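The values are calculated or read from the model by the stated rules, or taken from the named source; none is laboratory data. No experiment lies behind these values; they were computed from the predicted model shown. All Cβ positions, even for glycine, are placed from backbone atoms using ideal geometry, and neighbour counts span all protein chains on display. Only protein heavy atoms, including side chains, enter the accessible area calculation; ligands, DNA and RNA are left aside. Shrake-Rupley method; radii C 1.70, N 1.55, O 1.52, S 1.80 Å.
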Amino acid sequence: MELNHMHEDKSNKALVQAQNLSKIYGNGPSKVIALDNVNLEIYECEIIAILGPSGSGKTTLLNLLAGLDVPSSGQIIIDGVDITSLSEEEKTKFRAKNMGFIFQFFNLIPVLNAVENVELPMLLNKYSLSEARKRALELLEKLNILHRKDAYPSQLSGGEQQRVSIARALSTRPKIIWADEPTGALDSKNAEQIKQLIIELNKEFGTTFVIVTHDPSVAQIANRIFRMESGQIVEVINKFEK
């Protein structure tokens, strides 16, 4: 499998940097350290897997990096912007412009059909109606789901819903896509197809994918694996070291 090696050139600027990142819930005896002084860099065009058991801090890390939650301490820089210094409104705009999301349970809007679900982020980003429709149809075709464009989420299988949600994540041409257990609700055949799709899309669009998973077989598609335990990255596995 050929994957981009851009991250191996250390002169290449990191797309994502986390510095001394911690997240603590509560205080006193009930204090929980969900993330403990994490440092990492993610480069353009990488597929990164954040691998670890339930409770290891991987979803907390994803939520912090994506600006969905606020760290207790530390700094997150994405594409040169310190998102920890942005207001909530600025963060929302930054996310909408630069990020896409894929979730375990798809998170499609039930009252919108497939093509409308894909269009929605573009319309929120001020694309024209005709431009959004054109790109939505192109993405659905690329993901082999165009024939279901008028179907509502309740009429789609799990694998079909995840394809629509991937098309939606790609719609605004984000620099980075965060994927939280993207194959977790799928059977093995559909899971395999979604993994192959991520490889192909990464190669074609140069989109950086960061995938949170507890499944080592999903992590195998990554360039690098950050293995987490007890709120810390305990190992970084570079799949392409000679």
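Quick notes on this one:
- Among the residues making up segment 170-189, those that are open to solvent by 10 Å² or more (accessible area, probe 1.4 Å) and among the β-branched types (Val, Ile, Thr) are Thr172, Thr183.
- Where helices (runs of 4 or more DSSP H) sit wholly within segment 147-242, those with at least 2 residues that are more than 17 Å from the chain's Cα centre (by Cα) and more than 13 Å from Leu51 (Cβ to Cβ) occupy 158-170, 188-205.
- Ala167 being free of Cβ contacts under 8 Å to residues at least 60 places away in the same chain, among the small types (Gly, Ala, Ser), crowded, with 21+ Cβ neighbours inside 10 Å and within 28 Å of Ala222 (Cβ to Cβ): yes
- Residue within segment 10-28 that is open to solvent by 60 Å² or more (accessible area, probe 1.4 Å), among the β-branched types (Val, Ile, Thr) and either at pLDDT 90 or above or closer than 22 Å to Asp180 by Cα (or both) present: yes
- Test result for Asp150, acidic (Asp, Glu) and at pLDDT below 90: no
- Unique residue being under 29 Å from Leu15 (Cβ atoms), open to solvent by 60 Å² or more (accessible area, probe 1.4 Å) and among the charged types (D, E, K, R) when the list is Lys93, Lys149: Lys93
- Residue in segment 111-118 that is in contact (Cβ under 8 Å) with a residue 60 or more places away in the chain and within 16 Å of Ala169 (Cα to Cα) present: no
- Among the residues making up segment 158-189, a single one is modelled with pLDDT of 90 or more and over 30 Å from Leu15 (Cα atoms): Glu160.
- Selection over segment 42-67 of residues that are crowded, with 16+ Cβ neighbours inside 10 Å and without any contact (Cβ under 8 Å) to a residue 40 or more places away in the chain gives a count of 2.
- Residues in segment 69-108 that are in a helix (DSSP H, G or I) and among the small types (Gly, Ala, Ser) were compared, and the one that is farthest from the chain's Cα centre (by Cα) is Ser85.
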